[in-house]
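The values are calculated or read from the model by the stated rules, or taken from the named source; none is laboratory data. For clarity, every value in this text was computed on a predicted model and none was experimentally measured. Virtual Cβ from ideal backbone geometry, glycine too; neighbours counted across all protein chains shown.
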Amino acid sequence: MGGHLSILRFFRRHIPAFAIVCVLLVVQSISELALPQMMSDIVDVGIGQQGIPSAVFAHVRATTLADLESGLDADETAIVEAAYTPANESGVRSFRGRPADRNADSELARILSRAIAEEAGLADDALAPQRATAFVRAEYAELGFDLDDIRRDYLVSTSGAMFAYCAVSLAAAVLLGYVAARTGATIGRDTREELFSKVMRFSPAEVNRFSQASLITRCTNDVSQVSMTVVMLMRMVLLAPVMGAVAITKVLAQPSGLGTIIVAAVLALSGATVILFVLVVPKFKLMQSLIDRVNLMSRQMLEGVMPIRAFGREAYEEDRFDKASIELMETQLFTGHAMAMLRPFIQIILNAATVAIVWLGADLVGRGAMQVGDVMAYSSYALQIVMSFIMIAMVAIMMPRATVAADRVLEVLACPLSIADPEDPQAPAEDGPRGQLEFSDVSFRYPDADDDAVSHVSFVLNAGEVLGIVGSTGSGKSTLVQLIPRLYDVTGGAVLVDGVDVRRMALADLRSRIGYVPQTTRLFSGTVAWNVAFGADGLTDAERDRALAVAQAAEFVEKLPGGDGTALAQGGSNLSGGQRQRLAIARAIAADPEILVLDDSFSALDYATDAKLRRALDHEMADTAVVIVAQRVATVMGADTIIVLESSRVVGMGTHEELLRSCAEYLEIATSQLAPEELGLAERDLPIAEGGDA
């Protein structure tokens, strides 16, 4: 029950629309439920009784009424006398009430029907009302009324009322559909926006918890499922019980004995629904996880198409994808086949119930216990009852799948953020340092990991200085710099920017001070100019050109077909790796940060471009603190300070020259990449690389 309530949480902001839907449903129900009785009146009264609704005269001769009253007791006579005006000069008495008061169910109609039967010497049986209307028709003929006009007037008025109810029902249904569709679409839009906003605030830890493929499915397929279910709930869930309950009431009010047929049909439908529910519901959750899996595999294959081709693994990947796709298909086929079985079963039950009602109703009509119109109305009410249960059954079957989707959406929305703004954000002092970065005994461990990824790192970097970070693969270089823009929070120590712990700063303020180029270059679909200006609102052409020039991207951008107006494909796939890296660096420079973090952002550059870019940074970013993570020693040789990481720990810190003589790990890396003369070493200095300690 708690799971199903998850869908209702999406209605909280749309209570006015829900109230409007309730009103429209009531109007539609009243209008539609009035139609079967009107159809019955047209057949029984308009056609069968020639427009005479009951034994209650609209006009009657005083002598005729007196003859009928002679067989009544005093109380009944008083009721009849109160219903008619005194006789006029022609000796005619008229009914005092409204035309609607002359229906066959009124007490006056029963009294006059019995009186007419006694006057004619006939039994007061089931056929008495029909004989009474024939007597009334004969009385109207004696009064000189045109019987054809009476029949025509009744048919026209009843048909007109029926048409009006149909029009009202149609208008209510159209408005209901519009409001429900608009509400569903609005809920879908708001939920997608809320999901997108929440995912944008996720740290890598939350993204890894759900996986990118699952988040995509939750933001698209699951939200669409919730939106469609909202529409279905608003259109069916309230309408079906109201229609069914009122129709059952009207059916049970008929003393015909046909209610058993309706009960049997409802029980058969309920049994089929329960069986289907048990079979299908477990498959819906499985289907959602299989969709996630197919999306993940599709994403992996599209992103890794080049290595797949390079290693000739196309057939293997196709086979792997086919297996996942076939498993999803089989699950969808199972649920689809099960759902498809319900429709013909419902049709069989409905047809069987209709045949049974007509069969037994014909016998009742023959015995005078029912009229033809009553049988028709009964069939219509039976149809509405069955259709109501069909709608309820469909909702009951679809709700579990929608509930799974809603729970998956709400799981993302309810996910606590590991990286969030502090309750009382602190900004750096106006007269404090600018562009200063400090690591104070920083340690970090990934969730569920046994060992630290970064352990006890301390350093201070001031504006205008360059810090280089080198180390073997997996030593923690990228993890270290991801702590600066607070993509992760430290588990020990503190990272300070401009003298303030980054955990005390507003995220927007912190990240506006940092230009970050991640290890994996990410460009967006759009023009070159738009990508460069991505992190800098109001960027001028001159500022954009400067950023491109510093990043050594101006030359190749000018050669593109559209210059900086050239459209980039998704991920910048129509550029080379080096070109993508330079545009990513230009994007970070354009934001004019206090601290520029370059995480292995020179790896795809040739040595000449690497050197030019570093010189441009020294010249153009002289007031900016620069952090460079690199695999190549040549990239960080000119840094003011170089940190050497090994197995998450700092094993060396100093200038290039200092580290060559004090850090075996650094010397080993350096000599594996550059010749001794390029490093400024003599041959006698080399043995340290083979294990010597300085």
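Quick rundown of the values:
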| quantity | calculated |
| --- | --- |
| Failed condition for Glu665, given (1) surrounded by fewer than 20 Cβ atoms within 10 Å (Cβ to Cβ); (2) more than 16 Å from Ala630 (Cα to Cα); (3) at pLDDT 90 or above | (2) |
| Residue in the stretch 577-609 that is nearest to Ile514 (Cα to Cα), counting only those that are surrounded by fewer than 20 Cβ atoms within 10 Å (Cβ to Cβ) and of a type in the set (Asp, Glu) | Asp592 |
| Leading residue by the ranking (nearest to Ala352 (Cα to Cα)) among those in the stretch 389-412 that are at pLDDT 80 or above and over 12 Å from the mean Cα position of the chain (by Cα) | Glu411 |
| Which numbered condition Gly435 fails, given (1) free of Cβ contacts under 8 Å to residues at least 40 places away in the same chain; (2) touching a strand residue (DSSP E or B) at 6+ places or on another chain (Cβ under 9 Å) | (1) |
| Tabulated pairs, the stretch 273-300, first assigned by TED's automatic domain parsing to the domain that holds Thr217, second at pLDDT below 85 and not in a helix (DSSP H, G or I), C-beta under 7 angstrom, 6+ apart or interchain | Leu296/Ser211 |
| Given (1) among the small types (Gly, Ala, Ser); (2) within 52 Å of the chain's Cα centre (by Cα); (3) surrounded by fewer than 20 Cβ atoms within 10 Å (Cβ to Cβ), index of the condition Ser70 fails | (2) |
| Helices (runs of 4 or more DSSP H) enclosed by the stretch 170-261 - at least 1 residues per element that are hydroxyl-bearing (Ser, Thr, Tyr) and under 11 Å from the mean Cα position of the chain (by Cα) | 212-217, 223-232 |
| Filter pass, Ala569 being among the aliphatic types (A, V, I, L, M), touching a residue at least 24 places away in the same chain (Cβ under 8 Å) and crowded, with 22+ Cβ neighbours inside 10 Å | no |
| Given (1) surrounded by fewer than 17 Cβ atoms within 10 Å (Cβ to Cβ); (2) assigned to a helix (DSSP H, G or I), number of the condition Asp564 does not satisfy | (1) |
| Spans of strands (runs of 3 or more DSSP E) in the stretch 445-504 with at least 1 residues of a type in the set (S, T, N, Q) | 454-461 |
| Count of the stretch 190-227 residues which are out of contact with any helix residue (DSSP H, G or I) (no Cβ under 9 Å at 6 or more places or on another chain), surrounded by fewer than 17 Cβ atoms within 10 Å (Cβ to Cβ) and of a type in the set (Ser, Thr, Tyr) | 1 |
| Number of the condition not met by Arg544 [criteria: (1) surrounded by fewer than 12 Cβ atoms within 10 Å (Cβ to Cβ); (2) among the basic types (Lys, Arg); (3) under 17 Å from Ala591 (Cα atoms)] | (1) |
| Residues of the stretch 572-623 satisfying the condition of being assigned to a loop (DSSP other than H, G, I, E, B) and acidic (Asp, Glu) | Asp592, Glu594, Asp600, Asp606, Asp623 |
| Met306 assigned to a helix (DSSP H, G or I), aliphatic (A, V, I, L, M) and modelled with pLDDT under 80 | yes |
| Qualifying residue in the stretch 318-331 (condition: touching a residue at least 40 places away in the same chain (Cβ under 8 Å), of a type in the set (A, V, I, L, M), in a helix (DSSP H, G or I) and in contact with a helix residue (DSSP H, G or I) (Cβ under 9 Å, 6 or more places away or on another chain)) | yes |
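Conditions tested, residue by residue: (1) surrounded by fewer than 16 Cβ atoms within 10 Å (Cβ to Cβ); (2) over 23 Å from Ser478 (Cα atoms); (3) at pLDDT 90 or above.
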| position | (1), (2), (3) |
| --- | --- |
| Ile628 | no, no, yes |
| Val633 | no, no, yes |
| Thr655 | yes, no, yes |
| Ala682 | yes, yes, no |
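Yes or no, residue by residue, for (1) closer than 28 Å to Asn462 by Cβ; (2) in contact with a Lys or Arg (Cβ under 9 Å, 6 or more places away or on another chain); (3) in contact (Cβ under 8 Å) with a residue 60 or more places away in the chain; (4) not assigned by TED's automatic domain parsing to the domain that holds Ala608:
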{"residue": "Val495", "(1), (2), (3), (4)": "yes, yes, no, no"}
{"residue": "Met505", "(1), (2), (3), (4)": "yes, yes, yes, no"}
{"residue": "Ala547", "(1), (2), (3), (4)": "yes, yes, no, yes"}
{"residue": "Glu558", "(1), (2), (3), (4)": "no, no, no, yes"}
{"residue": "Gly565", "(1), (2), (3), (4)": "no, no, no, yes"}
{"residue": "Ser576", "(1), (2), (3), (4)": "no, no, no, yes"}
{"residue": "Gln581", "(1), (2), (3), (4)": "yes, no, yes, yes"}
